[in-house]
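So the structure is just underneath, and the comments pick up after that.
The values are calculated or read from the model by the stated rules, or taken from the named source; none is laboratory data. This structure is a prediction, so every number in the text was calculated from the model and none was measured. Neighbour counts are summed over all protein chains in view; Cβ atoms, including those assigned to glycine, are modelled from backbone coordinates with ideal geometry.
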Amino acid sequence: MLHLTSNIPNHTSIKNIIFDFGGVICDLDIQCTVEKFKEFGLPKAEFSTAPEEQNQRFGRLVSTYETGFITSRQFRDVIRNHYQVPPSDEAIDDAWNALLGRIPEPRIRLLENIRDSYRIFLLSNSNEIHFLKYREDLRQQYGYSDFDALFEKVYFSYRLHMKKPDPKIFQWVLNENKLDPAETLFIDDTLMHIEAACELGITGYHLREGEEIIQLFGKP
């Protein structure tokens, strides 16, 4: 039976673990999506602005989509309207999903091993297109029909209409599952998300690049 190592603050008092998904359980490579979007060709004249302004506009679009305030169809239409030659739905989905990498088997086996010792949850800033892709990957690779079969409860930002690092999303998870923050660990690869969780009394662990969640656990 695996338990948290002494590298984790308050490790002996932890009873609940909330995992991020992208960058923690699933590998990510955002540059893959950047390169795929370049294949769509030139933007329309009205969108030919400075790269910084384009990035800000796209960031706002993604944030709106990740909080569920626009549908997948609307998201695709905004992207499609950006280019002189409009890409198809399939091309947009393929490009958008290109950043999603592997879900390595050791991470899945770790979750299977620790769920008898801890209450485990998933909390992800995500959107419908990505969700459908990695749910299918999970089914094909490991036979799980959905994330609910692996975690006690899963939370995706697009369903809750709020996202990390908004403290309200952490409080939602705590309240719905009657979790004591002092007994709860949150693991994420984004520092600002960790800092927000810690403000509520949750123990946070910032998973750095190249670090594996399996390294946080050891045999008793």
TODO: Inspect region 62-76 for any residue being exposed (fewer than 14 other Cβ atoms within 10 Å of the Cβ), assigned to a helix (DSSP H, G or I) and at pLDDT below 95 and give the result as yes or no.
DONE: no
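If you take the residues in region 77-88 that are outside any helix (DSSP H, G or I) and without any contact (Cβ under 8 Å) to a residue 24 or more places away in the chain, which one is nearest to Ser157 (Cα to Cα)? Steps first, please.
Going through region 77-88, the residues outside any helix (DSSP H, G or I) turn out to be 83-88.
Filter again for without any contact (Cβ under 8 Å) to a residue 24 or more places away in the chain, leaving 86, 88.
Numbers: Pro86: 28, Ser88: 26 Å.
Here the residue is Ser88.
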Open item on the list: Just the residues that are among the polar types (S, T, N, Q) and surrounded by 17 or more Cβ atoms within 10 Å (Cβ to Cβ), please, taken from region 105-129.
Closed with: Ser124, Asn125, Ser126, Asn127
Open item on the list: Looking at region 192-199, can you tell me whether even one residue there is of a type in the set (Val, Ile, Thr), surrounded by fewer than 21 Cβ atoms within 10 Å (Cβ to Cβ), in contact with a Gly (Cβ under 8 Å, 6 or more places away or on another chain) and within 24 Å of Arg107 (Cα to Cα)?
Closed with: no
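Looking at region 46-57, can you tell me whether even one residue there is in a loop (DSSP other than H, G, I, E, B), in contact with a Leu (Cβ under 9 Å, 6 or more places away or on another chain), over 30 Å from Val85 (Cα atoms) and not aliphatic (A, V, I, L, M)?
Taking every residue of region 46-57 in turn, none turns out to be in a loop (DSSP other than H, G, I, E, B), in contact with a Leu (Cβ under 9 Å, 6 or more places away or on another chain), over 30 Å from Val85 (Cα atoms) and not aliphatic (A, V, I, L, M).
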- [ ] Within region 6-38, track down each residue that is assigned to a loop (DSSP other than H, G, I, E, B), touching a helix residue (DSSP H, G or I) at 6+ places or on another chain (Cβ under 8 Å), at pLDDT 95 or above and surrounded by fewer than 17 Cβ atoms within 10 Å (Cβ to Cβ).
- [x] Lys15
- [ ] May I ask you to say which residue of Phe170, Phe151, Phe147 is under 17 Å from the mean Cα position of the chain (by Cα), surrounded by 18 or more Cβ atoms within 10 Å (Cβ to Cβ), of a type in the set (Phe, Trp, Tyr) and within 17 Å of His193 (Cβ to Cβ)?
- [x] Phe170
Task: Search result, residues across region 170-220 that are under 18 Å from Cys26 (Cβ atoms), without any contact (Cβ under 8 Å) to a residue 60 or more places away in the chain and acidic (Asp, Glu) - done: Glu209, Glu211
